[in-house]
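**Student:** Before I ask anything, let me first share the structure, which is written out below as C-alpha cells.
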C-alpha cells in the first residue's frame with residue numbers, strides 16, 4: 001500500500017499541528033458490480049492509527065462508506081521530540097507502518 | 001434512448017428520494033440502534049459537507065467539535081452517520097487529549113441525497129450532534145436496492 005503523509009518536521013512545544021495522510025487503496029465497498037455484472041468483493045482498510053510518545057493520538061475505523069484512497073486530516077499537540085507513528089490495517093490484517101520524526105525547537109532565537 | 005425508458009428512470013429516481021418525515025424516523029431508528037435510550041443534544045459539533053455533490057463516490061466532509069481537549073474535558077469519539085447508505089455508520093474516530101483539537105477531515109461515499117449526522121461522545125459520557133445536508137447527483141452505489 002502506498003501512503004503519503006504531510007506533517008511539519010519541526011514545531012514548538014504546545015503547537016497544534018495539522019497532519020494529513022493519504023493511502024492508495026481502492027476501498028471496494030462490496031456493493032458495486034463490475035462491467036460483466038459480478039459483485040466486486042469488499043476490500044477496505046479497516047483502521048488507521050496515529051501514535052506519539054507511546055500514546056494513541058487518533059484512531060479512525062472505516063466502513064465501506066469511506067471513499068477510495070482514504071484521506072484523513074487531523075491534529076496533534078507537539079510535546080517532546082520523537083517519532084510519530086502511522087499505522088494502516090486492512091481487512092486481511094495487513095499492516096503498513098510509517099514513521100516521521102518530529103523535532104521540537106525553542107522559540108527563543 | 002426511448003422516451004418510455006427515460007420516464008421509467010425518472011420515476012424510479014423520484015421514488016428513491018425519501019420524504020423528510022420518513023427520513024427523520026429512519027435517523028431516529030439508527031440512533032436508537034447505536035445509542036439506545038441515551039440523550040443526544042444538538043450542538044457543539046460542526047459538520048460541513050458540500051450542499052451539492054456531483055459524485056457520491058467522493059464527498060468531502062469536515063467535522064469539528066468545540067472542546068478544550070484537556071485531560072479532564074475532551075472528545076473521546078466521533079461517529080459519522082448517513083442513513084440512506086447501505087451501511088449507515090460511515091466511520092468512527094477516536095481521540096485522546098494529545099490531539100489538541102477534536103476535528104477530522106475526510107472523504108466519504110454517499111448512495112444518494114441525504115442528511116449526514118456526526119455524533120460526538122465526550123469523556124464525561126455526554127453525546128452531542130451536528131448535521132449537514134448534501135444533494136448527490138451521481139450515486140456511489142449504482143444499484144440502490146442492495
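The values are calculated or read from the model by the stated rules, or taken from the named source; none is laboratory data. What you see is a predicted model; the values in this text were computed from it and never measured. No Cβ is skipped: glycine too gets one built from the backbone with ideal geometry, and neighbour counts run over all protein chains shown.
**Student:** Would you check if residue A:91 is surrounded by fewer than 18 Cβ atoms within 10 Å (Cβ to Cβ) and more than 10 Å from chain B (Cβ to nearest Cβ)?
**Tutor:** For residue A:91, the condition - surrounded by fewer than 18 Cβ atoms within 10 Å (Cβ to Cβ) and more than 10 Å from chain B (Cβ to nearest Cβ) - is met.
**Student:** Regarding the range A:5-25, can at least one residue be identified that is at pLDDT 90 or above, touching a helix residue (DSSP H, G or I) at 6+ places or on another chain (Cβ under 9 Å) and assigned to a strand (DSSP E or B)?
**Tutor:** There is at least one residue in the range A:5-25 that is at pLDDT 90 or above, touching a helix residue (DSSP H, G or I) at 6+ places or on another chain (Cβ under 9 Å) and assigned to a strand (DSSP E or B).
**Student:** Could you tell me which residue of the range B:35-47 is farthest from residue B:125 (Cα to Cα), considering only residues that are within 14 Å of the chain's Cα centre (by Cα) and surrounded by 15 or more Cβ atoms within 10 Å (Cβ to Cβ)?
**Tutor:** Residue satisfying both the conditions and the ranking: B:47.
**Student:** Among the numbered criteria (1) within 14 Å of the chain's Cα centre (by Cα); (2) under 24 Å from residue A:50 (Cα atoms); (3) within 12 Å of chain A (Cβ to nearest Cβ), which single criterion is violated by residue B:84?
**Tutor:** So the condition that residue B:84 fails would be (2).
**Student:** Any idea how many residues of the range A:28-59 are part of a loop (DSSP other than H, G, I, E, B) and touching a helix residue (DSSP H, G or I) at 6+ places or on another chain (Cβ under 9 Å)?
**Tutor:** The qualifying residues number 1.
**Student:** Ok, one more. Note down all Cβ pairs under 6 Å where the first residue falls in the range A:2-20 and is within 12 Å of chain B (Cβ to nearest Cβ), the second is exposed (fewer than 13 other Cβ atoms within 10 Å of the Cβ), and they're at least six residues apart or on different chains.
**Tutor:** From residues that are within 12 Å of chain B (Cβ to nearest Cβ), the pairs are A:20/A:6.
**Student:** For the range B:63-100, how many residues are farther than 17 Å from residue B:131 by Cβ and in contact with a helix residue (DSSP H, G or I) (Cβ under 7 Å, 6 or more places away or on another chain)?
**Tutor:** 4
**Student:** Does residue A:76 count as more than 11 Å from the chain's Cα centre (by Cα), within 12 Å of chain B (Cβ to nearest Cβ) and outside any loop (DSSP other than H, G, I, E, B)?
**Tutor:** yes
**Student:** I'm told residue B:116 meets every condition in (1) buried (at least 21 other Cβ atoms within 10 Å of the Cβ); (2) over 18 Å from residue A:68 (Cα atoms); (3) touching a helix residue (DSSP H, G or I) at 6+ places or on another chain (Cβ under 9 Å) except one. Can you identify the failing condition by its number?
**Tutor:** It is condition (3) that residue B:116 fails.
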